[in-house]
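The values are calculated or read from the model by the stated rules, or taken from the named source; none is laboratory data. Worth saying up front: this structure is predicted, and the values here are computed from it rather than measured. No Cβ is skipped: glycine too gets one built from the backbone with ideal geometry, and neighbour counts run over all protein chains shown.
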Amino acid sequence: MRKYDEIYIERQCFIHIDTSGVYRNDFGNTRAAPQFGGEYMAAIEKKYQWLHSIEEPKIILVGGSNLAFGIDSKELENILEMPVVNLGLHAGLKQHYMLEMAKAGVKADDIVIVGFEYETFYDKKSNALCVLETLEYGKQYYAYVEKANWFELVFTYFPTLGLEKLRRYAGDQEIQYYSVYAESSFNQLGDISYLREKNVQGETLPDVAINSTLVDESIINNLNEFISYVKEQGAQIYFTWPSCDEKIIVSSQNEIDSFAVFLEEQVNATFISDINEYILSNELFFDTAYHLNDKGVDIRTEKLAADIERTR
């Protein structure tokens, strides 16, 4: 028989309902076992643990799902002869969250590679459901949430994720996850390793605009603060570009080039990649404008490895 073990109030007034008791993970963080284990966002635990388990100098990849679906970290390790941690998960977490997560694991002699989706430079508002799901997996993730987003998170929780947790608690059928959007699709290094042989994009996908006039200045300021922190730790930091489907981009070549020049001037770190080299043909993508298929992953990994090698 199931037992309603505990209802406890987390900081920031979130109520978590635990159906299997409170336990301690390998990093000493006491938390409630989540009702969402197995889902895509659950991969944050795997990434967090790998980030904090490596003692030697490492390469940390920071960005959204363009990295999760876009890099073969094992091949990158083989080429560069350094362990790789792919923190790429979901652009809806937005830059502040992912930078804070990376910051917690940066050590001297690490190499940090930042490659965010274009939209993350325009708007700081996170996808509340994405953020809320990550909070199910450990108390440490609360520290990564930008303060400006807490109000919406609180009022999003109860009518959405909170009710879904109650539904799953009350149900007897175990939920199974088999698709690419499952925790099991990630390998230890943080990559999606699910077989993706071809493009399965639907007929309509959101347009991608690459336009410097849309950039939020406060996001650049936050990036520069992160850059300063990384350098203070004795680590190196470089910027690359996300892989993006040329078919979905609605910006002109002039707008694309202007965007690259603008960021290179505003961000206090070296861009090691050519923006146009990462705008790839439609046949190399899987299901969105940023998610590569297996062939695309091989091409992008080779490009990124070459970009990093030029800095050494």
> Based on what the data block shows, is residue 213 hydroxyl-bearing (Ser, Thr, Tyr), surrounded by fewer than 20 Cβ atoms within 10 Å (Cβ to Cβ) and not in a helix (DSSP H, G or I)?
Replying inline: no
> Restricting the search to the range 237-262, which residues are within 20 Å of the chain's Cα centre (by Cα) and in contact (Cβ under 8 Å) with a residue 60 or more places away in the chain?
Replying inline: 237, 238, 239, 240, 241, 242, 243, 244
>> If I go through the range 104-139 residue by residue, how many of them are out of contact with any His (no Cβ under 8 Å at 6 or more places or on another chain), crowded, with 18+ Cβ neighbours inside 10 Å and either among the acidic types (Asp, Glu) or assigned to a helix (DSSP H, G or I) (or both)?
In response: 12
>> Checking the condition over 24 Å from residue 225 (Cβ atoms) and at pLDDT 95 or above, which residue from 87, 80 passes?
In response: 80
> Can you find a residue in the range 293-309 that is under 13 Å from residue 243 (Cα atoms), in contact with a Leu (Cβ under 7 Å, 6 or more places away or on another chain), in a loop (DSSP other than H, G, I, E, B) and not charged (D, E, K, R)?
Replying inline: yes
>> Any residue at all in the range 220-231 that's more than 22 Å from residue 122 (Cα to Cα) and surrounded by fewer than 18 Cβ atoms within 10 Å (Cβ to Cβ)?
In response: yes
> Under 7 Å by Cβ, and 6 or more places apart or on different chains, what pairs join a residue from the range 291-312 that is under 9 Å from residue 272 (Cα atoms) and in contact (Cβ under 8 Å) with a residue 24 or more places away in the chain with one that is part of a loop (DSSP other than H, G, I, E, B) and among the β-branched types (Val, Ile, Thr)?
Replying inline: 304/71; 304/240; 307/240; 307/272; 308/272; 310/272; 311/272
